[in-house]
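S.K.: Would you mind keeping the following structure in view while I ask a few things?
The values are calculated or read from the model by the stated rules, or taken from the named source; none is laboratory data. These figures come from a predicted structure and were not determined experimentally. Please note: Cβ atoms are built from the backbone with ideal geometry, for glycine as well, and neighbour counts cover all protein chains shown. Calculation scope for accessible area: heavy atoms of the full protein, side chains included, ligands and nucleic acids excluded. Shrake-Rupley method; radii C 1.70, N 1.55, O 1.52, S 1.80 Å.
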Amino acid sequence: MREPIEIFERLITENKDITIISHFNPDGDAVGSIMGMKWFLESIGKKCIPILPNPIPKTIDFLVNGNEILYYTLDRLKVSQALSASELIICLDFNKLSRTEWMEKEIREAKGTKVLIDHHLSPDTEAFDLIISEPGSSSTCELIFKTLMETSFTKGDVLNLPHKARISLATGLITDTNNFSNSLSSYTFIMASELLKSGIDFNYITDMVQKRFSQERIRLMGHLMSETMIVYKEIRGACTILTKQDKARYSFRDGDSEGFVNIPLTIEDVDVSGFFSESDGFVKVSLRSKNQFSANRFANQYFNGGGHEKAAGGRLFIPIGEVPEYFQKSLEQFLHNEKAQQ
Ligand code: 5GP
Ligand code: MN
């Protein structure tokens, strides 16, 4: 671990123009990571531009004051200019460039040195010059914090990180662990403790992230769980469907369905929960699992995706009406194959 950190430190020291990138449909860990890295790098005199493929959901808007982030969907030209001018490109919270959607080709072709800091399984080793990868980390924010604490910039003192960087990194820690309930590592609590000691207000962050929803979101949640969730008891799966029609009916905004996939997983008879959201040209898939079920392998094999062992995602290219049957058949087949391999 020491050597990659030393290389990372050298790359930061030697380069001035830096871009920081995270994935399509950014979540709390993605935004926390790029903003945490930005505030840190600026505190040591670097010029850096955070870039995202598309805008952030309202739940994490408190991390951004104005127009600090460039969005590819809104400012394609500026993104291209920033990418081609940057000496160092720091990629955060994704394991392969396709997770940046339309930006993939330009990042691949950019001349700058590419660094990846990430906690997903199986990073694409061909696409980056330096990889700091720890699938055991709860969040990329945790891995960034741990990495920065080991550099000579901070000398292990949390107060050497600016306040805004600490709030940003705390946000990813809170959101990716679902408020300290999953993917925990022992370092998760060391980081939380250090941040609390340094004066970071965790209650403020959870109020911002988890307690600012619209009334329609709660009604949509009730509707989906009562009317669309199907539990397949024999195969221990649950499938929940969000159609475009329901999105319109409940004034759906990006981020509104965050966390819905976790609800059916609380049922005793369910080991895997699939949440399917009808989007333009595809169905967005979210999977969560418990006990020994591998959401990552299931996503890989049947849903054109991947992620973590117990939280994964992907895409389907079938009509939304066909999803429950596809989910059921895939789960039966998957369980059959997993059993055969044991
Ligand atoms: P979520 O269900 O919160 O959208 O995603 C859960 C996890 O699955 C995330 O860690 C994310 O990186 C991964 N994931 C989500 N969507 C995709 C996808 O389309 N492709 C891949 N490879 N991973 C995804
Ligand atoms: Mn993450």
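S.K.: Checking the condition touching a residue at least 24 places away in the same chain (Cβ under 8 Å), surrounded by fewer than 17 Cβ atoms within 10 Å (Cβ to Cβ) and among the acidic types (Asp, Glu), which residue from Glu234, Glu216 passes? Even if it seems obvious, please write down each step before you answer.
M.R.: Details: Glu234 fails: touching a residue at least 24 places away in the same chain (Cβ under 8 Å).
Unique residue meeting the criteria: Glu216.
Yes/no matrix, rows are residues, columns are (1) surrounded by 24 or more Cβ atoms within 10 Å (Cβ to Cβ); (2) among the charged types (D, E, K, R):
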{"position": "Asp29", "(1), (2)": "yes, yes"}
{"position": "Gly32", "(1), (2)": "yes, no"}
{"position": "Met37", "(1), (2)": "yes, no"}
{"position": "Glu42", "(1), (2)": "no, yes"}
{"position": "Gly45", "(1), (2)": "no, no"}
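S.K.: Something else now. Is it the case that Thr266 is more than 16 Å from ligand 2 (Cβ to nearest atom) and in contact with a helix residue (DSSP H, G or I) (Cβ under 6 Å, 6 or more places away or on another chain)? Before you say what the answer is, go through the steps one by one.
M.R.: Values: more than 16 Å from ligand 2 (Cβ to nearest atom): yes; in contact with a helix residue (DSSP H, G or I) (Cβ under 6 Å, 6 or more places away or on another chain): no.
Taking the combined requirement at face value, the residue does not satisfy it.
S.K.: Condition test on Thr240, is it open to solvent by less than 50 Å² (accessible area, probe 1.4 Å), among the β-branched types (Val, Ile, Thr) and either at pLDDT below 95 or within 25 Å of Asn179 (Cα to Cα) (or both)?
M.R.: Working: open to solvent by less than 50 Å² (accessible area, probe 1.4 Å): yes; among the β-branched types (Val, Ile, Thr): yes; either at pLDDT below 95 or within 25 Å of Asn179 (Cα to Cα) (or both): yes.
So Thr240 passes the test.
S.K.: Checking Gly112 against (1) under 21 Å from Ser168 (Cβ atoms); (2) open to solvent by less than 10 Å² (accessible area, probe 1.4 Å), which test does it fail?
M.R.: Among (1) under 21 Å from Ser168 (Cβ atoms); (2) open to solvent by less than 10 Å² (accessible area, probe 1.4 Å), the lone unmet condition for Gly112 is (1).
S.K.: Being surrounded by 18 or more Cβ atoms within 10 Å (Cβ to Cβ) and in a loop (DSSP other than H, G, I, E, B) is the filter here, so list the residues in the range 281-304 that pass it.
M.R.: Phe293, Ser294, Phe303 - these are the residues of the range 281-304 that are surrounded by 18 or more Cβ atoms within 10 Å (Cβ to Cβ) and in a loop (DSSP other than H, G, I, E, B).
S.K.: Within the range 121-142, track down each residue that is touching a strand residue (DSSP E or B) at 6+ places or on another chain (Cβ under 6 Å), open to solvent by less than 50 Å² (accessible area, probe 1.4 Å) and not small (Gly, Ala, Ser).
M.R.: If we filter the range 121-142 for residues that are touching a strand residue (DSSP E or B) at 6+ places or on another chain (Cβ under 6 Å), which is where we start, we get 123, 128-133, 140.
Imposing the further condition that a residue be open to solvent by less than 50 Å² (accessible area, probe 1.4 Å) reduces the set to 123, 128, 130-133, 140.
Pro123, Phe128, Leu130, Ile131, Ile132, Thr140 - these are the residues of the range 121-142 that are touching a strand residue (DSSP E or B) at 6+ places or on another chain (Cβ under 6 Å), open to solvent by less than 50 Å² (accessible area, probe 1.4 Å) and not small (Gly, Ala, Ser).
S.K.: Between Ile205, Ile200, which is open to solvent by less than 40 Å² (accessible area, probe 1.4 Å) and part of a loop (DSSP other than H, G, I, E, B)?
M.R.: Working: Ile205 fails: part of a loop (DSSP other than H, G, I, E, B).
Ile200 is the lone residue from the list that is open to solvent by less than 40 Å² (accessible area, probe 1.4 Å) and part of a loop (DSSP other than H, G, I, E, B).
S.K.: If you don't mind, there's one more thing I want to ask. Out of the range 16-33, which residues are within 15 Å of ligand 1 (Cβ to nearest atom) and at negative phi?
M.R.: Of the range 16-33, the ones within 15 Å of ligand 1 (Cβ to nearest atom) are 21-33.
If the condition is that a residue be within 15 Å of ligand 1 (Cβ to nearest atom) and at negative phi, then Ile21, Ser22, His23, Phe24, Pro26, Asp27, Gly28, Asp29, Ala30, Val31, Gly32, Ser33 are the ones that fit.
S.K.: So, one more: Please count how many residues of the range 295-327 are of a type outside the set (D, E, K, R), in contact (Cβ under 8 Å) with a residue 40 or more places away in the chain and within 13 Å of ligand 1 (Cβ to nearest atom).
M.R.: Quick first cut of the range 295-327, residues of a type outside the set (D, E, K, R) only: 295-296, 298-308, 311-314, 316-321, 323-324, 326-327.
Still in the list and also in contact (Cβ under 8 Å) with a residue 40 or more places away in the chain: 296, 306-308, 311, 316, 320, 323-324, 327.
In the following step, the residues that additionally are within 13 Å of ligand 1 (Cβ to nearest atom) were identified as 296, 306-308, 311, 316.
The total comes to 6.
S.K.: Report, ordered by the first and then the second residue, all pairs with beta carbons closer than 6 Å, sequence separation of six or more or different chains, a first member in the range 20-35 that is under 16 Å from Ser257 (Cβ atoms), and a second member that is within 9 Å of ligand 2 (Cβ to nearest atom).
M.R.: What qualifies is Gly28/Gly172; Gly28/Thr175.
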